[in-house]
Every structure is written in structure tokens, then in C-alpha cells.
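Trainee: Can you read through this structure? Questions will come right after.
The values are calculated or read from the model by the stated rules, or taken from the named source; none is laboratory data. Computed from a predicted structure; not experimentally measured. Here the Cβ positions follow ideal geometry from the backbone for every residue, glycine too, while neighbour counts run over all protein chains shown.
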Amino acid sequence: MKFWLVRLASLLLAVGFAFGLESVVGHQFPSIYRLVVLAGLYITLSVSLNLINGITGQFSIGHAAFYMVGAYSAGFVSKALFSHQPLVPQLWMIVMALFGACCAALTGLVVGLPSLRLRGDYLAIVTLGFGEILRIVTQNIGAIGGAYGMNVKPFGSPPQALWLVWLLAILCVAVCRNLLKTAHGLPFLSVREDEVASAAMGVKVPKTKVTAFVVGSAFAGAAGALLAHAETFISPDTFKMDVSFIILTMVVLGGTGSITGSVISAIALFAIPEWLRNLQDPVTKDPIQIPGPALVASIISVVIAVALFKAVQNRFHGSKPAKFGLYLAAIAAGFVCKLAFTPILAQAPGLAAKSFEASALRMVIFAATLIILMLIRPQGIFAHHEFSWSWVAKLFRRAPKEATA
Amino acid sequence: MVKLNKTFATTFGLTAALALGIIGASGCQDNSAAGGTTGTAGTTGATAGGTTAGTTGTQPNASPRPTPQKDGATIGDPIKIGLVASQNGDLKPWGDDNIKGSQLAVDEVNAAGGINGHQVKLRIEDSNSTPETGKSAAQKLISDGVVGLLGEVASGITQQMEIVAFDAGVPLVAIGATRTDIATLGSNFFRVCYTDDLQGPVMAKFAYDYLHLKSMAIMTDNKQPYSVGLSESFRKAFEEMGGKIVDEQKYQSKETQFSSYISNLKSKNPDGVFLSGYFTEVGPIASQMRTAGVTVPLLGGDGWDSSELITSGGDAIVGNYFCNHYNNEETRPEVQKFLADWKAKYGGVPGTTMGALGYDGAKLMMDAIKRTMDAKGTKSKDLIAALEDTVDFPGVSGKITLKGHSGNPPKRALVVKVTKTGQSFVKAYEPDEVMKK
Amino acid sequence: MNLVAGLDFSILPQQLVNGLLLGSIYALIALGYTMVYGVLRLINFAHGEVFMLGSYAALFTSWLLGFSPEAVRGVDRPSTWVNLVVMLLVSMIVCGLIGVLIEFLAYRPMRNQPRIASLITAIGVSLFIQYAGGLFLPQSPPPAISEQVNPYRNEKVSIVLKPAGQEIVAQAADATKKAAIAEKAYDDAQKAGAPADKVEQLRNDAQIASNDASRLQTQVSSQTSGLVIPYGQLGMLITTMVLMAVLWFVVQKTKTGRAMRAVAHDFDSAALMGVNVGRIITITFMIGSALAGAGAMMYATVLRTPLSPFLGVQPGVKAFVAAVLGGIGNIPGAVLGGILMGIVETLVVWLDGLVPGLSGYKDAVAFVVLIAVLLFRPGGLLGSSKVEKV
């Protein structure tokens, strides 16, 4: 009885949260509505890839393919059938999300089968190859818009898709979390750790691998279907290899295998470039300009700071507070370098006159963040840890404990 | 797995049921919105036909264009105009010139006291040379409250912007988008350039009558609606005149190696080759063609227009022909004044024709805003009506008349020849000469 | 034309040469992927970007040598083969240094970390170079190396398998003469200020004559079944072969090469045997990147490719696939895979005559071949498929 009460309560909470978000963003911040939708989709994508990559240990780097299959199949059906069916747009979107999920799951099955024979880098390349093949085939089919893309616009105005997107994200997180928390998840984890040993222990390795692929791609497909309806225009370029890489990065950066990490890094990695894109002077509303010398000085000093930081991390074996102090010193050294280098570089002809828009720097900063985070924390932000209330409690409890000791 | 599946199913069932209940409550509203815009549903089909070139609308006047439902933004102070241009990506040379031209026009009006005493603010957003980004850029500008939109130079991007602008009821003045069927999407669409319905036949006539080429091959950029549409209109016009199209090779933007297409094409012995793509690919294609021993004349559309064509095309591109909107050598006072102003502000001459078209677009928009305000109009809706009323607007690229032309002004097209240092004027065609009424 | 089921077999040899040229570039890049993978088990995603930087190095060198767009616009500058060699060497050296720098800054600190973390770092480096390159490198309008830097651009080797008919050759020569005469008559009339209609008449004649000439010339060249290989492309093939021979020599015959093979075979044992692993990895990166640099220079100069900061992405992916196809970590395999990749890609375009629309799939076919090969030979064409030990 208690089991069902908890289930029902969390379900209500999830739905309530999704609708709350919808109404808050829809009414208070309409300008970021689209971004919140996309962030929700990225959460779904990164958590579902985490199921394949992090939890089951199958190195798949072509996740955008499933995203695309969902988007195109649902978009195509929606375009063709929406006007002849009785459902209201919101319900129709749920049906389409299910349809997209089914199509992507079928694709996931096809891609998952080679995983029985290939492993490691070879599997990675095959998944990447499948993604590219699907994208190029899509580019060549005129009926779904070919290389240019397809307009999916069955409803008069773009529908309110935000709540559905976030509900999907929550559902995806819930499925993965429950999988890890229950006995059903153990085969997945054991396949990740050692295939031969799991097979010896009676785990059905092929079935587990394929299941991971099918479930992971189904979620990506549902996300794709919602994307097609929320954006109303999809093109093969939306699902390029870069998108696969970004999703993979979200998984690894958050900590392979950690759902919390995937969620947080999905939001962060999506938000950083968008925030930089919209960075503007608060008064004049003009884009912020960064002078060339300052930029080059920053790049040099970041390299120095990271090198120092890394050196402290590897070479220093003192007490924790001392180490923390040295970390701060490394960062401070970086700032000093920046201040010192800027006037020197300003003497360089050609550079001084150059300036860059903050929005043009967004991908550079994105990439630099990626490299730096990997250098100083290769296991990902959360490593294997998950968010839990007891963990939060421990975090707060620790400090007084140490003080008494 | 059983238990998991059960939980999964229950969860989903409950979610769906809950969602159903909630939608049930708000359903009527959604329904009416969907019913109210049947016009849009109709046009979606036309847009989706985007790449199936056969549907290129050749008679833009055939059916009345759908009218936007919303009134759009209100003219404020400062008056906000949005411009979507490619500040990054392949089309950057055009985007940059477009911005410079439009900014020049706005600065000129502001220096002269603005429109009826109100300053004009040009809000610029980057389309990154892709339709998706162009679309969200247009959305952003509209949510910022611009009264009218300018842009883009590429048809594929403009098509997406028009969908957004139509929904919001904001007028869109396209700078260099020549694909014909975009204009059928809504009555809020106007352009300052000619269409491919003119450009294709002009080049076909030029090839057949002036260069006496009887059989042509075509190379199409399959990724660009512009190129697909232009190839189709060229093919149709050329075949109607009695010429023969012996081959069509299709490549995609961003390819860099064309030798295998060229070998295919060469074996068909064409008298000439029509390259309907953008300059980014045309240069390398021309250069690789000469390397492969194809020496026949090459022809193209306004997509060729860029000073970089000569560097990437080398000797191979020199002496070939393309269709353009205007020419720096023209002596009309509008052209001379524009070139002088450009030189004063930026130095040199505009590298591409988009400078002039961007200037014309912004000028036309501001002219229409002035007429709207004089007629006590305050909404984008009134601005659309004012734009539709434009007659003989003296643009740098020629006179622009929008009244009764469904957004597609009849304009002159010039054929120019690529020279080692730029381009030289060869022949001008009036729309009546080539377009069948 | 020898049409068989819509296919023109007379152009098949030419298409194979096109494929070979493209394939040799892929092979040069693939060598870098495969060597790095051999020693580090790391897919160096930034390798395509090294290739891109190499093409820019060649571009800047050509500017320094006096072939900047401003300098060559409207004039013919003489050039010699020395310029080409200088560009090739500069681009190789620059790429070699960049490769070493990337290894030192980004990969060395990651050496004892999980491989997926190194992979993400590689992706990060790749994105960083692409977008930082976008800030500093000229990209718009896409710059191209001036063709004038190549002194042999108008010379070519023709290998004639079956010559065109005597008749048509004579006709073409005749038409060319006539065109020159008509052109001259038109010029003279224009200069003499003849009446407009007369000038127009002469222009028409000249135009028709020159059309005839160029049509007949093209006909001669397309009826000649055989190969036309410009000197530049021939030089490119020879350079590629020389570089590969040098690489083979270094890897097989020198002490460093033996150390590289040892590290590739077993990283830890090699270290225990006294091989300076750090130095070997640096050298591997340097050689691999320098080969990419050579490929980049030839890709931009001989194959006439316009440059952009994203230039390396497509060839990079293709070369990577080529490396896997041949068996990643296997040097002859990378060469074989690269050339196969180039030829398959070209043949797909040729087969377009049989199956219209097929050419659109040319990038996909590479992956189809890859997947097919991997499913039947999981270790690649020349690679050994080891059974993983427990």
C-alpha cells in the first residue's frame, strides 16, 4: 500500500512540476520558453545515452540518429495525418511521442545488434556510422524535405510543448533511477563491469545490451518527436555528428553512470553557450565586445592556471585545507597573469585593434570548459555518485564533525 | 523485467490519463486556435514542397495570398526594425554587406531627423547561415517588438523567417531571396530583388540567343532551395526555347571535391554549363572543371556574386557570365549617391550586390513606416498595407513597385561577365522581355 | 560514348584516378589517426583540425611568397617549383609542432585516465581549434590558395588508350583557328568604331566560332578514351608515395621505429624495456601530424579546395573511417583504407548514371562499406582481430 502511495505522490509531483514550469515560463519568461524546452530535451537525451554508455558500458556515440528517427517519423506522420484525426494537439503530441519512441526503438534494435559482435572503439564507430548513414539517407528523400528540411506544423500556432518535454525528462530519469535502484538494473551494471564474468553468472548479456539500446533510443526518439512539434522545422543538419558529440560530452562530463551528473551537465552545457549568445550590455543592449589583447591574455593565463592547478593536484600531498589554498593560489596566479599580459599584448600590432563579440566566443569557451574540466576532473563532475538526500545531509553534517575532531 | 514493465506501463497510463484530463479543460481553446488558421495549414503544404522543385509557383498572381491573423507590433519610439543576416557561416560575405547597407540607410535617416521625429533602431540578429538559426533569430526579434523584419539573402533561411513573421503578423522584406514560391506563403512578404522566374529565363535567353549555346548541362546544389528552384526555371525556359539539357549533376553545399561530377558531365559534351549554386562552391567547381579539360562557357545566377569568386575560381572563372541585380558602373544618381555614401562610411565599394539590396530593403521599409505614420497607422498590419502600396520606389537596384505584384517586384536583370578584377556589364534584360504574361 | 546500361565506361579510368587522388589525401590523414591509436589507443579527434591548420599554414606561406589575393588580382605572377616545396615543408613543420603541442597540453595529462575522458578531451580540443580558428583565421569569404603558385597548372600528362577520330581532331583545330580570326575581326571592328549593328554581327560570328571551337575541343578530349593527369596531381601522387616510403623506412628500419612498434605492441612492457615512451609518443604525434600537413597543402593547392576553419571535419571523418576500415593501428591498412575510401566515393558518383540520385549517398556508402567490413572482419581489413582475454 505504501509503495503505491509513494508512486502516486511522486507521479503527481512530477506532473505538477511540469505544469508549474510550463505556466511560470510561459507567462513570466516567454523569451526563454524555447530554451527551456530544448534544455528538457537535452536532459532526456543525455540521461538516455547514459543508460547505454554509462550504465551498460556500451560505447555508443551516435545518439543523434535516434533523436532524428523520432523527429522525422513523428513529424512526417503528424504532417500527413493531423488534420484527419479527432485528438486535441496536446494529446496528439503524446501519441506522436509514443510513435517516435517506437520507431527509434526499432532503430535502436538494429544498431544494438552489432553491439553483440563489436566492442569498444569499433562499436563506437559503427554507431557513429549508422547515424551518418541515416542522416544522409534522410537528406536524399524528397518526400521528407530532403537536404533542406521539413516543416512540421500541424497546429495553427506552435503548441505548448514545454510540460510534455519536461515530463518526458522526468520519466526518463525515473526509469533510469529505478533501474539502478532495483534488482533489474544489476545485469546492466554487471555487463558494464565484465561481460565474461556476467555471462558466467547467468546474466543474459546479449539481451541486456540490446535492451539498453532499445530503451535508450526509445527515449531519444520521443524527445525527437517532441522537438519536431515544438520547433516546427527540422532539417538533417539539426542532427549532425556534433550533436551526438555534445550529448556524449554531457554524459561523460557529468560522470559516466551518474544520472544526476547527466542532468546537471546537460543543463549546464546547454545553458553556457546560450547565455553567452545573449550576453549584451545592460544599458545600450549592444553585444559586449572583448578586446583582442584581453582575449589572448585570458587564453594564455587559463593555460597557466590549469597547469598550476594540475601540478598541485598531482604533486602536493599535504593536508586538505593547504591543498585547497594552493588551488586558490593557482587560480589567483591565472588572474595575475591575465592582468600582466593584457598591457604587454596590447603592444602587438594588429591585435590591439581587434575585438571579438562575446557571442562569437561561445563555442570557444564551451570547448575550453570541456577540456579544462576533463583535465582537472577526468571522472566527471559527479563521478559515480548520485544525488540523494542523505548525501546532502552528510555534506552539511561533515563540517561540525571535523571541528569536534 | 516484468515488474519494471508494469511500473512503466502504470506510470505512463497514469500520466496519459492525467494529461488527458488537463487538456480536456483547455482543449476548446486550442481547438479554436487550430481552426482559425486554416490558411496556414494550406501553406504548410506549399512550403514542404520546398525541395520538390516541380512545384515552383510560376504564376504568383494566380491565387490570393493568405493574410496574417495577428496585427503585429506597434510602432514605438525609437522605431525598431529587425534584420536577420548571416554574421557567421558560409554566407558571411553577404550577411556583412547586407548589414552594412541596411545600417547605412538607417544612419542616413536618423541623421536627417528620423521618421517624423522618431529615431530608428536597427536590431540585428545572426542567422549563422542556417534556416533553423534564422528562424529563431526572427522569433527573437519579433518578441523584442520589432515592427518589421528585413532579411535574408538566402531563400532557404527566408522561407523559415516568413513562417514566423506570418504568424506574428509582421511584414518581412527579403533582401536577396530570389526563390519564387516564398511569396505565396503570406501577404506580409515582400522583396527588393527579382525572382528566379526572371533570373532563370534571363540566363536561358542569354545562353541561347546571345551565346548561341544549344545544349547545356546543369550543376545544382541540392541542399539549397534557391539552387534547386533556379535550375528548374532555367531548364524550363531553355527547353522551351528549343535548347537541350544534356545532363544534371547534383552536389551539396560544403562539398569541396567535384572531379567525379565533372568527369560524368564532360562525357555528355555540353556546349555550356549552368551552375546555379552559391559562389562558395562555384569557384572550386570552375577551377576543377578547367583542370579536367572542360572549356565551355559557364553561366550562373546571382549566387555567384562575390569578390572572392576570382580567387577560388582563378583563371577558370574569368570570362564567364552571371545574372546580377545592379552594377557599380551604372550612372543612375541613386547608384552614384549610394556608392559615395558607402565610400564615406566604410571606404571602397561594396564587394557584393547585397550592400545595395540591404540598403534598398531598409530604405523601403522606412519609407513605408513613414507613410504608415502619416496615415495614422500604428500597427505592423498597417505597415503591411503601406508596403503593398509601394509604387516606383527609387531603389539603388532599380525602381521597385510592389502594388499588385504579390510581393514580387518586376525588376531589371543584368548579365555581367567575370573579369580578372571584378565584373563588367554585358547586357540588361527588362522583365517584359523574358517573362511571359 | 561506350554506354552500357547508362554507364559510360570510357570515363571509368579517369574516375579511378580521381578516386586515387582523393584517397591518397585520406590515406595521409588516416596514417596520423592510426599511428596515434597504435601507441595510445586514443582516437585523436583533433587530427582533422591539425589538417585544417596545415592548409592555412600553406595559405599564409603562399601569401608571404607573394601570392596574396591583392598581389595576384589581375596580374600573372611567375612561380617556380621551389615555392611549392617551401609551402609543403612549412605546412608539414607547422602541423608537426601543433601535433606535439596538442599532445603535450591536452593528452599527456590524461594518459592514466579512463579512455573515454581522453576521448572527450580530444573532442574538446577539436571544437576549440575549430572555433578559435574561426576567430583568428581568415574565413569569410573562404580564402583559396592562388592557382598561380603552381607553375605547372596548365601542363598535363595525357595517357591515350584510344585516340579520338582524326576527323574530329582536324575539325577542332580548324574551328580554333576560325574562332581566333573571328575574334580578331570583332576586336578590330570595335577599335575602329564600326557601326553598332556591324559590330554586333561580328560579335555574333565570333561567339558562334568560339562556341564551336570549345565544343569540338571538349569533344576531342571526351572521345579520347584515356587519362588526363595534370602535372600537379601527378606530383601529388609521387609526393604521397615518397612520404609513405619514408614512413615505412622510419618505422621498419630505424631504432625509433622499432621503439614505436614496441610501444604500440605493449605500452607497459616497452617502458620496462627502457623505451622512452614519452619521447616516442611525441615523435608519433609529430610524424602523424606532419603527414596530415603534407596532405593539407596538396589538398588546398592541387585539388583546389577553398579553406575554412571547418575544412578538416569531412576529410577527418573519412580518414578516420579509412583507418578503421584498414584495421586501426595498422599502417599499411590505413593507406589501403584511405585509397579504397576515395575510390568508392568516386565510383558512387560514376554509378549515378545507372541509378539516378545515387551520388547523394556518396558519403553514406563509406560507412556502409565500413559496417559491412567490421561485421565480417571486426578487426578491419588488415588488422588482426584478437580475442579479448579475460
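Trainee: Residues being surrounded by fewer than 16 Cβ atoms within 10 Å (Cβ to Cβ) and part of a helix (DSSP H, G or I): count how many of those fall in region C:187-198.
Mentor: 8
Trainee: In this structure, is A:Lys153 facing another protein chain (nearest Cβ under 7 Å) and either touching a Cys at 6+ places or on another chain (Cβ under 6 Å) or in contact (Cβ under 8 Å) with a residue 60 or more places away in the chain (or both)? Before you say what the answer is, go through the steps one by one.
Mentor: Details: facing another protein chain (nearest Cβ under 7 Å): yes; either touching a Cys at 6+ places or on another chain (Cβ under 6 Å) or in contact (Cβ under 8 Å) with a residue 60 or more places away in the chain (or both): yes.
So A:Lys153 passes the test.
Trainee: Residues in region A:87-124 that are touching a Gly at 6+ places or on another chain (Cβ under 9 Å), aliphatic (A, V, I, L, M) and either surrounded by 23 or more Cβ atoms within 10 Å (Cβ to Cβ) or within 18 Å of C:Val321 (Cβ to Cβ) (or both): how many?
Mentor: Selection size over region A:87-124: 7.
Trainee: Further, regarding this structure: Out of the helices (runs of 4 or more DSSP H) lying entirely within region A:122-209, which hold 2 or more residues that are over 24 Å from A:Arg7 (Cβ atoms)?
Mentor: Helices (runs of 4 or more DSSP H) meeting the threshold: A:186-193, A:195-200.
Trainee: While we're on this one: Of everything in region C:171-219, what is within 11 Å of another protein chain (Cβ to nearest Cβ), more than 14 Å from B:Val296 (Cα to Cα) and aliphatic (A, V, I, L, M)? Give them in sequence order.
Mentor: Within region C:171-219, just C:Ala206 meets the criteria.
Trainee: Within region B:238-251, is even one residue away from chain C (no Cβ under 11 Å), surrounded by 20 or more Cβ atoms within 10 Å (Cβ to Cβ), under 25 Å from the mean Cα position of the chain (by Cα) and part of a helix (DSSP H, G or I)?
Mentor: Looking through region B:238-251, at least one residue is away from chain C (no Cβ under 11 Å), surrounded by 20 or more Cβ atoms within 10 Å (Cβ to Cβ), under 25 Å from the mean Cα position of the chain (by Cα) and part of a helix (DSSP H, G or I).
Trainee: Name the residues in region B:398-419 that are in contact with an Asp or Glu (Cβ under 6 Å, 6 or more places away or on another chain) and of a type in the set (Val, Ile, Thr), would you?
Mentor: If the condition is that a residue be in contact with an Asp or Glu (Cβ under 6 Å, 6 or more places away or on another chain) and of a type in the set (Val, Ile, Thr), then B:Thr401 is the only one that fits.
Trainee: Looking for something under 22 Å from the mean Cα position of the chain (by Cα) and either surrounded by 18 or more Cβ atoms within 10 Å (Cβ to Cβ) or not aliphatic (A, V, I, L, M) (or both) - is there at least one such residue anywhere in region A:3-14?
Mentor: Scanning region A:3-14, I find at least one residue that is under 22 Å from the mean Cα position of the chain (by Cα) and either surrounded by 18 or more Cβ atoms within 10 Å (Cβ to Cβ) or not aliphatic (A, V, I, L, M) (or both), so the answer is yes.
Trainee: From C:Leu119, C:Leu101, C:Leu105, which residue is in contact (Cβ under 8 Å) with a residue 24 or more places away in the chain, within 14 Å of chain A (Cβ to nearest Cβ) and over 23 Å from the mean Cα position of the chain (by Cα)? Full working, then the answer.
Mentor: Numbers: C:Leu101 fails: in contact (Cβ under 8 Å) with a residue 24 or more places away in the chain; C:Leu105 fails: in contact (Cβ under 8 Å) with a residue 24 or more places away in the chain.
Testing whether each residue is in contact (Cβ under 8 Å) with a residue 24 or more places away in the chain, within 14 Å of chain A (Cβ to nearest Cβ) and over 23 Å from the mean Cα position of the chain (by Cα) leaves just C:Leu119.
Trainee: On to the next question. Condition check: under 28 Å from A:Thr127 (Cα atoms), in contact (Cβ under 8 Å) with a residue 40 or more places away in the chain and not in a loop (DSSP other than H, G, I, E, B). Does C:Phe310 satisfy that?
Mentor: Numbers: under 28 Å from A:Thr127 (Cα atoms): yes; in contact (Cβ under 8 Å) with a residue 40 or more places away in the chain: yes; not in a loop (DSSP other than H, G, I, E, B): no.
The answer is no for C:Phe310.
Trainee: Please enumerate the residues belonging to region B:391-429 that are hydroxyl-bearing (Ser, Thr, Tyr) and surrounded by fewer than 19 Cβ atoms within 10 Å (Cβ to Cβ). Quick ask: steps written out before the conclusion?
Mentor: Of all residues in region B:391-429, those hydroxyl-bearing (Ser, Thr, Tyr) come to B:397, B:401, B:406, B:419, B:421, B:424, B:429.
Answer for region B:391-429, where residues must be hydroxyl-bearing (Ser, Thr, Tyr) and surrounded by fewer than 19 Cβ atoms within 10 Å (Cβ to Cβ): B:Thr401, B:Thr419, B:Thr421, B:Ser424.
Trainee: If you don't mind, there's one more thing I want to ask. Exactly one condition in (1) charged (D, E, K, R); (2) without any contact (Cβ under 8 Å) to a residue 60 or more places away in the chain; (3) in contact with a helix residue (DSSP H, G or I) (Cβ under 7 Å, 6 or more places away or on another chain) is not met by A:Arg315; state its number.
Mentor: So the condition that A:Arg315 fails would be (3).
Trainee: Residues that are in the same structural domain as B:Gly242 (by TED's automatic domain parsing) and over 20 Å from B:Thr67 (Cβ atoms): list the helices (runs of 4 or more DSSP H) wholly contained in region B:123-209 that include at least 3 such residues.
Mentor: Details: elements: B:131-143, B:155-168, B:196-205.
Counting at least 3 such residues, we get B:196-205.
Trainee: Which of (1) closer than 23 Å to C:Ile123 by Cβ; (2) of a type in the set (Gly, Ala, Ser); (3) touching a helix residue (DSSP H, G or I) at 6+ places or on another chain (Cβ under 6 Å) does A:Ala383 not meet, given it meets every other one?
Mentor: That leaves (3) as the condition not met.
Trainee: Name, by its number, the condition in (1) away from chain B (no Cβ under 14 Å); (2) modelled with pLDDT of 90 or more that does not hold for A:Leu167.
Mentor: It fails just one condition, (1).
Trainee: Restricting the search to region A:187-216, which residues are more than 24 Å from the chain's Cα centre (by Cα), closer than 17 Å to A:Ser60 by Cβ and either within 14 Å of chain C (Cβ to nearest Cβ) or surrounded by 20 or more Cβ atoms within 10 Å (Cβ to Cβ) (or both)?
Mentor: Correct list: A:Glu195, A:Val205.
Trainee: Quick one: which residue in C:Val228, C:Val275, C:Val220 is farther than 24 Å from C:Ile93 by Cβ, surrounded by fewer than 24 Cβ atoms within 10 Å (Cβ to Cβ) and in contact with a Lys or Arg (Cβ under 6 Å, 6 or more places away or on another chain)? Lay out the reasoning, then the answer.
Mentor: Numbers: C:Val275 fails: in contact with a Lys or Arg (Cβ under 6 Å, 6 or more places away or on another chain); C:Val220 fails: in contact with a Lys or Arg (Cβ under 6 Å, 6 or more places away or on another chain).
None of the other options fit; the residue is C:Val228.
Trainee: Scan region C:363-381 and give yes if some residue there is over 24 Å from A:Thr127 (Cα atoms), surrounded by fewer than 24 Cβ atoms within 10 Å (Cβ to Cβ) and either modelled with pLDDT of 90 or more or of a type in the set (Gly, Ala, Ser) (or both), otherwise no. Write out each step before concluding.
Mentor: Within region C:363-381, the first condition is being over 24 Å from A:Thr127 (Cα atoms), and the residues that meet it are none.
No, region C:363-381 contains no residue that is over 24 Å from A:Thr127 (Cα atoms), surrounded by fewer than 24 Cβ atoms within 10 Å (Cβ to Cβ) and either modelled with pLDDT of 90 or more or of a type in the set (Gly, Ala, Ser) (or both).
Trainee: With the condition kept exactly as written, say whether any residue in region C:37-46 is among the hydroxyl-bearing types (Ser, Thr, Tyr) and either in contact with an Asp or Glu (Cβ under 6 Å, 6 or more places away or on another chain) or at pLDDT 95 or above (or both).
Mentor: First pass over region C:37-46, keeping only residues among the hydroxyl-bearing types (Ser, Thr, Tyr): C:37.
In the following step, the residues that additionally are either in contact with an Asp or Glu (Cβ under 6 Å, 6 or more places away or on another chain) or at pLDDT 95 or above (or both) were identified as none.
Scanning region C:37-46 turns up no residue that is among the hydroxyl-bearing types (Ser, Thr, Tyr) and either in contact with an Asp or Glu (Cβ under 6 Å, 6 or more places away or on another chain) or at pLDDT 95 or above (or both).
Trainee: State all residues of region C:77-117 that are in contact with an Asp or Glu (Cβ under 9 Å, 6 or more places away or on another chain) and charged (D, E, K, R); if no residue qualifies, say none.
Mentor: Matches in region C:77-117: C:Arg115 only.
Trainee: For region B:186-227, enumerate the residues that are under 30 Å from B:Ala386 (Cα atoms), within 14 Å of chain A (Cβ to nearest Cβ) and either among the β-branched types (Val, Ile, Thr) or in contact with a Phe, Trp or Tyr (Cβ under 6 Å, 6 or more places away or on another chain) (or both).
Mentor: If the condition is that a residue be under 30 Å from B:Ala386 (Cα atoms), within 14 Å of chain A (Cβ to nearest Cβ) and either among the β-branched types (Val, Ile, Thr) or in contact with a Phe, Trp or Tyr (Cβ under 6 Å, 6 or more places away or on another chain) (or both), then B:Gly186, B:Pro225 are the ones that fit.
Trainee: Is it true that C:Ala323 is within 13 Å of chain A (Cβ to nearest Cβ), assigned to a helix (DSSP H, G or I), in contact with a helix residue (DSSP H, G or I) (Cβ under 6 Å, 6 or more places away or on another chain) and crowded, with 19+ Cβ neighbours inside 10 Å? Can you show your working first?
Mentor: Working: within 13 Å of chain A (Cβ to nearest Cβ): yes; assigned to a helix (DSSP H, G or I): yes; in contact with a helix residue (DSSP H, G or I) (Cβ under 6 Å, 6 or more places away or on another chain): yes; crowded, with 19+ Cβ neighbours inside 10 Å: yes.
When the stated conditions are applied, C:Ala323 passes them.
Trainee: Checking the conditions here, which among A:Val243, A:Val252 is in contact (Cβ under 8 Å) with a residue 40 or more places away in the chain, under 18 Å from the mean Cα position of the chain (by Cα) and buried (at least 24 other Cβ atoms within 10 Å of the Cβ)? Talk me through it step by step, then tell me what you get.
Mentor: On the way: A:Val243 fails: buried (at least 24 other Cβ atoms within 10 Å of the Cβ).
Matching residue, one of A:Val243, A:Val252: A:Val252.
Trainee: Among the residues of region A:345-392 satisfying the criterion of being part of a helix (DSSP H, G or I) and without any contact (Cβ under 8 Å) to a residue 40 or more places away in the chain, which is farthest from the other protein chains (Cβ to nearest Cβ)?
Mentor: Initially, region A:345-392 is screened for residues part of a helix (DSSP H, G or I), giving A:345-346, A:358-376, A:389-392.
So of that shortlist, the ones also without any contact (Cβ under 8 Å) to a residue 40 or more places away in the chain come out as A:360, A:364, A:367, A:371, A:389-392.
Values: A:Ala360: 6, A:Val364: 5, A:Ala367: 4, A:Ile371: 4, A:Trp389: 22, A:Ser390: 23, A:Trp391: 23, A:Val392: 26 Å.
Among those that are part of a helix (DSSP H, G or I) and without any contact (Cβ under 8 Å) to a residue 40 or more places away in the chain, it is A:Val392.
Trainee: Can you tell me how many residues in region B:81-111 are β-branched (Val, Ile, Thr) and within 14 Å of another protein chain (Cβ to nearest Cβ)? Give the derivation first.
Mentor: Here is the first cut: in region B:81-111, the residues β-branched (Val, Ile, Thr) are B:81, B:84, B:99, B:106, B:109.
Imposing the further condition that a residue be within 14 Å of another protein chain (Cβ to nearest Cβ) reduces the set to B:99.
Count: 1.
Trainee: Right, another one. Residues in region B:273-285 that are at the interface with chain C (Cβ under 8 Å from one of its Cβ atoms) and not β-branched (Val, Ile, Thr): how many? Full working, then the answer.
Mentor: Quick first cut of region B:273-285, residues at the interface with chain C (Cβ under 8 Å from one of its Cβ atoms) only: B:279-280, B:283-284.
Adding the requirement that they be not β-branched (Val, Ile, Thr) leaves B:279, B:283-284.
Residues that pass the stated criteria total 3.
Trainee: Among the candidates B:Asp305, B:Asp367, B:Asp315, B:Asp360, single out the residue that is crowded, with 17+ Cβ neighbours inside 10 Å, touching a residue at least 24 places away in the same chain (Cβ under 8 Å), acidic (Asp, Glu) and within 12 Å of chain C (Cβ to nearest Cβ).
Mentor: B:Asp305
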